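The values are calculated or read from the model by the stated rules, or taken from the named source; none is laboratory data. The structure presented is a predicted model; accordingly, all values stated were derived computationally and were not measured. Glycine also receives a Cβ, built like all others from the backbone with ideal geometry; neighbour counts cover every protein chain displayed.
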Amino acid sequence: MALSETLELQRGAQRFLRSAMRAPMLEAEHERELAQSWRDDGNERALHELTTAYMRLVVAMASRFRHYGLPLSDLVQEGNVGLMQAAMRFEPEREVRFSTYASWWIRSAMQDFVLRNWSIVRTGTTSAQKALFFNLRRLRARIGDVGDAVMSAEATSKVAKALRVPERDVEAMAARLSAPDRSLNAPLTEEGDGEWQDLLADDGASPEADAMNAHDSAARTELVQDAMRDLSDRERLIITERKLEDDAVTLEALGERLGISKERVRQIEGNALEKLRRALIARVGDPVAAGYVG
């Protein structure tokens, strides 16, 4: 973005803030009339007057979230979304001031925006995790555990009890808040020698190990298929359905299919496994040690 465009955006944001702070406050009765006119008649002028009067509430609340490193203009924009949502749902007959009701929607919209944009890694999804994210620093300051150092066991326990979350969640969130996102392509040193991704360990198997595993798997499959020829058709069916399929068929289902009891299926299965074990021994030695029969 060009410098002139950036300056124009900044001037526009400043004009919006000045306009929001100059909007007149509303008396309770007039506020209720505006809300009713918008809800019952769809009066957009009433909606505009109602929301404009509480733009200052959006600006004030946005300033509380500035320490998360996000632009104030973006926070205000999200707060305006929350303000509009509040106007859509407000029920004036409940005798509650619109500012009280709108505050919840504005804060919720800004919190969701912070959680989506503070880090490229999703920070929290449950209400407990959100409460932990937005209250951890405040609670640490209250108990005197300040700074980005590792939290003490006592401080971790106090915060966990106050927010009713597991201590491991407190430890994980404290670590997240103390260290910003780092690019894996960032250089390790000022001289640019290497990148952080060079330090990541590869837990996957090597190409040689993959090739050996594939060869061994094919050899085992061939030997088992050869040994299965020593079984009868019924035994082969039961072993295939019970041991070789991803979703094993139940004894009862096989019994109904073959016209026998499930206990008889169990007996045939046991005998077939023993015959299969002996067949494999004749071919490779101990089939359990070789990994053919579990």
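Observations, loosely collected:
- The number of residues in region 64-89 being in a helix (DSSP H, G or I) and either touching a residue at least 12 places away in the same chain (Cβ under 8 Å) or among the charged types (D, E, K, R) (or both) comes to 18.
- Ile260 assigned by TED's automatic domain parsing to the domain that holds Arg283, in contact with a Lys or Arg (Cβ under 7 Å, 6 or more places away or on another chain) and modelled with pLDDT of 90 or more: no
- Residue identified as surrounded by fewer than 16 Cβ atoms within 10 Å (Cβ to Cβ) and either in a loop (DSSP other than H, G, I, E, B) or in contact (Cβ under 8 Å) with a residue 24 or more places away in the chain (or both) among Met25, Met61: Met25
- Among (1) at pLDDT below 85; (2) under 20 Å from Arg56 (Cβ atoms) - the single one Glu78 does not satisfy: (1)
- Filtered by the rule that a residue be outside any helix (DSSP H, G or I) and either touching a residue at least 12 places away in the same chain (Cβ under 8 Å) or of a type in the set (D, E, K, R) (or both), region 240-249 gives Glu245, Asp246, Asp247.
- Residue check, Gly12 assigned to a helix (DSSP H, G or I) and at pLDDT 90 or above: no
- Residue tally, condition surrounded by 13 or more Cβ atoms within 10 Å (Cβ to Cβ) and part of a loop (DSSP other than H, G, I, E, B), over region 251-274: 2
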